[in-house]
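Engineer: Got a structure for you, written out below as C-alpha cells; questions coming shortly.
The values are calculated or read from the model by the stated rules, or taken from the named source; none is laboratory data. A quick note: this is a predicted structure, and the numbers were derived from the prediction, not measured. Counting neighbours? That spans all protein chains shown, and the Cβs are built from the backbone with ideal geometry, glycine included. These area figures cover heavy atoms from the full protein model, side chains too; ligands, DNA and RNA do not enter into them. Shrake-Rupley method; radii C 1.70, N 1.55, O 1.52, S 1.80 Å.
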Amino acid sequence: MAKNHGGLARTRRGGGDPTQADGGDFGGDVFKRIGIGGQQHRTILWSRGTLPVLDPDLADPCWLDGRDLLYHDGHEPGLVAVLAPMAGRRNLPVVMDAGGLRQGSHRMVELSTDVISSRRFPPELTGHEDPARALRSLAGMGPSRVGMTYGEQGLLALVDGQVLAVPAYD
C-alpha cells in the first residue's frame, strides 16, 4: 500500500496510534484510515496510489444521468473542465471540495457553483489572509456559495454577501 508518511507523523504527534490503522485495496491502494485516541476521532489519509488521471476525452454526458450534482475534489482539472459545463446545461450544481491549491484550482473554482474548502485554500488561491476577504474573492470567481471549514470550530460561509459563522455538529 502507498504510504503517506507525513500524515502518519502528524498522527503520532497528535497522539494517534498508527498501529490501529485499517485500510483496503480499492483497485489502486487508495486510502488508509487511522483511529485517533479513544474519543472516536479519526483522520483519513488518502493517496492516489497507482490510479491514472482520467482522460477528459472519455467523459460521457450519461455519467450525469439521474444525478443531483457533480462533485469534485480538485484532483482532475481536465475532467472537471469537460463535465462542469455538461452539468451546467442540466442545471446541476457543481460542488468543489477543495483541500489545497493545485494546478487548475482557479479554473475549477470558476466552473463550480459551490466551493467548500479547507481553511488554507481561499488564502492560498486569492492571496488574501483575512478569511472574509478571501471568501469574497473566492465568490467573485463565480461560485454562488463558498465556505471554509475549521474542524471542531465549524465553518465560515459567505451567504448573501455576509460572512456567517456556522458551528460544528455535536
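Engineer: Can you tell me which residues in segment 62-91 are more than 18 Å from the chain's Cα centre (by Cα), under 18 Å from HIS106 (Cβ atoms) and not aliphatic (A, V, I, L, M)?
Structural biologist: Selection gives PRO85, GLY88.
Engineer: Does segment 115-133 hold any residues that are touching a Gly at 6+ places or on another chain (Cβ under 8 Å) and of a type in the set (Val, Ile, Thr), and which are they?
Structural biologist: Matches in segment 115-133: VAL115, ILE116.
Engineer: Another question about this same structure. Taking only pairs six or more apart or across chains, which ones have beta-carbon atoms under 7 Å, a first residue in segment 156-167 that is within 13 Å of GLY140 (Cα to Cα) and touching a residue at least 12 places away in the same chain (Cβ under 8 Å), and a second residue that is part of a strand (DSSP E or B) and of a type outside the set (Asp, Glu)?
Structural biologist: If the second residue must be part of a strand (DSSP E or B) and of a type outside the set (Asp, Glu), the pairs left are LEU158/VAL146.
So that you can scan it fast, the table gives a plain yes or no per residue for (1) over 25 Å from LEU51 (Cβ atoms); (2) modelled with pLDDT of 95 or more; (3) among the charged types (D, E, K, R):
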{"site": "ASN91", "(1), (2), (3)": "yes, yes, no"}
{"site": "VAL109", "(1), (2), (3)": "no, yes, no"}
{"site": "THR113", "(1), (2), (3)": "yes, yes, no"}
{"site": "ALA139", "(1), (2), (3)": "yes, yes, no"}
{"site": "VAL166", "(1), (2), (3)": "yes, no, no"}
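Engineer: If you go through segment 137-152 one residue at a time, do you hit one that is open to solvent by 60 Å² or more (accessible area, probe 1.4 Å), in a loop (DSSP other than H, G, I, E, B), acidic (Asp, Glu) and more than 17 Å from GLY74 (Cβ to Cβ)?
Structural biologist: Taking every residue of segment 137-152 in turn, none turns out to be open to solvent by 60 Å² or more (accessible area, probe 1.4 Å), in a loop (DSSP other than H, G, I, E, B), acidic (Asp, Glu) and more than 17 Å from GLY74 (Cβ to Cβ).
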